[in-house]
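Down below is the structure, laid out as structure tokens.
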Amino acid sequence: MKKLYLIILLTLTIACQKQTLVSSIDCHTIIHGVGETCVPNNPQRIIALNGSAIDSLLVLDIQPVGVITNVPDLLAEKVTHIPKVGLDGTVNLEMVAKLQPDLILGSVYSDSRIYNQLSQIAPTVLDEGETNGEWQKNLLFYGKVLGKQEEIKQLLQKYQGRLVEFKQKMGSKLSQTQVSLVRVYPQQISLYLNNSFAGSILEDAGLSRPAFQNQGIKGQSPFQIMISREQMSLADGDVIFLWTYGVSEQTENSAIAQLEKLKKDPLWQQLEAVKTNQVYQIPPYWNVPSLIAAHAVIDDLFRYLVDEKQ
């Protein structure tokens with residue numbers, strides 16, 4: 001009997017050691033916003049709970065098995081066929097579980113409240129970006145999570161390469177062009193700073209900003225500042241890019257109405273960019289922190305600042 005007991009004990013010990021060895025081989029530890037997680041080395045069923053995660057998967061040609069419902073338009077058109085798990089920050093845990101993920105990607109901002117529940121479903125990693133100007137940092141982070149750091153670095157090199165071409169084509173005009181970023185809300189307008197998504201691209205492109213907008217530290221809020229009608233002059237620049245956006249159709253319509261009202265305002269009409277017809281209304285992807293959106297923004301920079309000047 002004693003001999004049998006020792007054999008069973010030895011068998012269990014070997015099995016446990018094998019399991020530990022398999023675990024160490026099949027996953028790697030990632031330190032993230034709320035702790036550390038052993039992430040599968042070759043995940044097959046990934047759920048993405050924010051735009052940055054969705055973008056990271058798409059640019060790596062990885063199809064998620066589930067995404068949030070409120071995906072920005074530029075990304076939404078690429079995931080129309082993928083099951084939705086609810087709104088950003090209020091995802092349906094039952095739906096998440098039904099999709100049987102082997103990895104969940106989210107953010108501290110939206111998902112820290114339900115991190116424990118998500119972790120019970122599958123290994124979960126949350127990025128901790130504070131401002132959308134940290135989009136490249138988030139992209140590199142997800143590359144590390146997925147074991148695709150080199151691929152992400154190569155994609156970012158292509159992004160930088162396009163900006164080198166932009167700078168060359170702008171020539172001397174590059175240092176002479178101050179670009180203002182304006183967002184119109186239903187009741188007011190805001191100016192986007194250097195640490196915003198669009199602001200970070202303008203900085204990478206070598207474009208300067210109006211003095212008041214030339215602020216903002218990446219990783220620290222705020223990345224936009226609301227201004228009053230009396231402060232309208234702070235929105236001026238050699239060029240103004242402006243956009244509206246609303247999470248609902250009603251909000252968007254209200255923002256559009258506010259824009260039409262703004263265009264008729266004498267204070268707006270006094271701005272130099274308005275007088276010289278250098279105001280361009282651009283899509284909301286100027287505020288969608290992602291590599292896909294970054295290339296779309298660069299397309300717009302070529303369209304409005306290079307092609308318009310030739």
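The values are calculated or read from the model by the stated rules, or taken from the named source; none is laboratory data. No experiment lies behind these values; they were computed from the predicted model shown. Don't worry about glycine lacking a Cβ; one is built from the backbone with ideal geometry, like all the others, and counts go over all protein chains shown. Just the protein is used for accessible areas: all its heavy atoms, side chains included, with ligands, DNA and RNA removed. Shrake-Rupley method; radii C 1.70, N 1.55, O 1.52, S 1.80 Å.
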*Take region 209-231 and flag every residue that is more than 19 Å from the chain's Cα centre (by Cα) and surrounded by 19 or more Cβ atoms within 10 Å (Cβ to Cβ).*
209, 210, 213
*Looking only at region 112-131, which residues are within 15 Å of the chain's Cα centre (by Cα) and modelled with pLDDT under 95?*
127, 128, 129, 130, 131
*Does region 64-88 hold any residues that are out of contact with any strand residue (DSSP E or B) (no Cβ under 8 Å at 6 or more places or on another chain), closer than 24 Å to residue 286 by Cα and part of a loop (DSSP other than H, G, I, E, B), and which are they?*
71, 72, 77, 78, 80, 88
*Name, by its number, the condition in (1) more than 18 Å from residue 138 (Cβ to Cβ); (2) at pLDDT below 95 that does not hold for residue 51.*
(1)
_region 96-120 - residue that is touching a Lys or Arg at 6+ places or on another chain (Cβ under 8 Å) and either open to solvent by less than 70 Å² (accessible area, probe 1.4 Å) or among the hydroxyl-bearing types (Ser, Thr, Tyr) (or both) and, of those, nearest to residue 142 (Cα to Cα)_ = 103
*Give the residues of region 64-82 that are open to solvent by 60 Å² or more (accessible area, probe 1.4 Å) and over 14 Å from the mean Cα position of the chain (by Cα), sorted by residue number.*
69, 77, 78, 80, 81
*Scope region 27-57; condition in contact with a Leu (Cβ under 7 Å, 6 or more places away or on another chain), over 17 Å from residue 112 (Cα atoms) and either in a strand (DSSP E or B) or of a type in the set (A, V, I, L, M, F, W, C) (or both); matching residues*: 39, 40, 46, 54
*Could you tell me whether region 136-152 includes any residue that is more than 20 Å from the chain's Cα centre (by Cα), buried (at least 16 other Cβ atoms within 10 Å of the Cβ) and not aromatic (Phe, Trp, Tyr)?*
no
*Among the residues of region 233-261, which ones are part of a helix (DSSP H, G or I), modelled with pLDDT of 95 or more and of a type in the set (A, V, I, L, M)?*
234, 235
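With the structure loaded, tell me whether residue 309 is among the basic types (Lys, Arg), open to solvent by 40 Å² or more (accessible area, probe 1.4 Å) and modelled with pLDDT under 95 or whether it fails that test.
Against the criterion (among the basic types (Lys, Arg), open to solvent by 40 Å² or more (accessible area, probe 1.4 Å) and modelled with pLDDT under 95), residue 309 qualifies.
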